[in-house]
Amino acid sequence: MTTPDPDGVLAEQLLRLTRRVHRIQKRHLQQRDLGVTPAQSRLLRTLAHYGSPPRMADLAERLEVVPRAVTTLVDGLEASGKVRRAPDPANRRVIRIELTDDGRKALRELHSARREAAEEILAPLTEEQRKVFGGLLDTLVDGVAERGRRC
């Protein structure tokens, strides 16, 4: 008889939670009919955090994906009018990615959809449990970030 591996059980629980979070967020996005995929949603949110329009390479680095993936996401968002490519005024060979008014509107809707999804996901937890859970998540996220800096 083998003894259960507590870390293996935790890892499986985290994977199941991650899948559930993605599924619920995707459903909330689809209900709003924004025509935005979860990956495009992430790019829009990332784009909104830049003070000035970033280059595609900046977005790829921030999103931790290959530049080609950003190109595909930007193509889709540009076709739907949520972003636009604009030449850099200091170097016309550099292309910057800007949010459009439709992109800002979509971001507001995305924010609401994410908040609703979070409320659904966290509904079983008490306020105190949410605080503890948030602290544990901070520890895990910060631990990963610290380990990544040391490597």
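The values are calculated or read from the model by the stated rules, or taken from the named source; none is laboratory data. Source: prediction; values computed, not measured. Note: ideal-geometry Cβ built from the backbone for every residue, glycine included; neighbour counts use all protein chains shown. Accessible surface is based on the protein model in full, side chains and every heavy atom, while ligands, DNA and RNA are left aside. Shrake-Rupley method; radii C 1.70, N 1.55, O 1.52, S 1.80 Å.
Scan the range 65-97 for residues that are touching a residue at least 24 places away in the same chain (Cβ under 8 Å) and charged (D, E, K, R) and the total you get is 3. Only a single item in (1) among the aliphatic types (A, V, I, L, M); (2) at pLDDT 95 or above; (3) closer than 13 Å to residue 110 by Cα is not met by residue 73, and it is number (3). Within the range 81-117, being under 18 Å from the mean Cα position of the chain (by Cα) and of a type in the set (Gly, Ala, Ser) holds for 103, 106, 112, 113, 117. For the range 72-96, a residue qualifies if it is over 15 Å from residue 42 (Cβ atoms) and either among the β-branched types (Val, Ile, Thr) or touching a strand residue (DSSP E or B) at 6+ places or on another chain (Cβ under 7 Å) (or both), and the qualifying residues are 78, 84, 85, 86, 87, 88, 94, 95, 96.
Could you check, for the range 3-10, whether at least one of its residues is assigned to a helix (DSSP H, G or I), within 16 Å of the chain's Cα centre (by Cα) and surrounded by fewer than 11 Cβ atoms within 10 Å (Cβ to Cβ)?
Residues of the range 3-10 that are assigned to a helix (DSSP H, G or I), as a first pass: 6-10.
Narrowing the set further to residues that are within 16 Å of the chain's Cα centre (by Cα) leaves none.
For the range 3-10, residues assigned to a helix (DSSP H, G or I), within 16 Å of the chain's Cα centre (by Cα) and surrounded by fewer than 11 Cβ atoms within 10 Å (Cβ to Cβ): absent.
Considering (1) open to solvent by 80 Å² or more (accessible area, probe 1.4 Å); (2) in contact with a helix residue (DSSP H, G or I) (Cβ under 8 Å, 6 or more places away or on another chain); (3) closer than 15 Å to residue 17 by Cα, the lone condition that residue 114 does not fulfil carries the number (3).
One line per residue, one yes/no per condition, for (1) open to solvent by less than 50 Å² (accessible area, probe 1.4 Å); (2) among the β-branched types (Val, Ile, Thr); (3) not in a helix (DSSP H, G or I):
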position	(1), (2), (3)
12	no, no, no
18	no, yes, no
36	yes, yes, yes
42	no, no, no
51	no, no, yes
62	no, no, no
69	yes, no, no
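Residues in the range 20-34 that are in contact with a Leu (Cβ under 8 Å, 6 or more places away or on another chain) and not in a helix (DSSP H, G or I): 34 alone. Among the residues that make up the range 85-93, is at least one of them open to solvent by 80 Å² or more (accessible area, probe 1.4 Å) and under 27 Å from residue 27 (Cα atoms)? For the range 85-93, residues open to solvent by 80 Å² or more (accessible area, probe 1.4 Å) and under 27 Å from residue 27 (Cα atoms): absent. Pairing each residue of the range 29-44 that is farther than 13 Å from residue 108 by Cα with any residue that is open to solvent by 60 Å² or more (accessible area, probe 1.4 Å) and assigned to a helix (DSSP H, G or I), provided the two are 6+ apart or on different chains, yields C-beta distances under 8 Å for 38/22; 38/26. Looking only at residues in the range 71-120 that are in a helix (DSSP H, G or I) and among the basic types (Lys, Arg), the one that is nearest to residue 57 (Cα to Cα) is 104. Confirm whether residue 34 is at pLDDT below 90 and of a type outside the set (Lys, Arg). Criteria met by residue 34.
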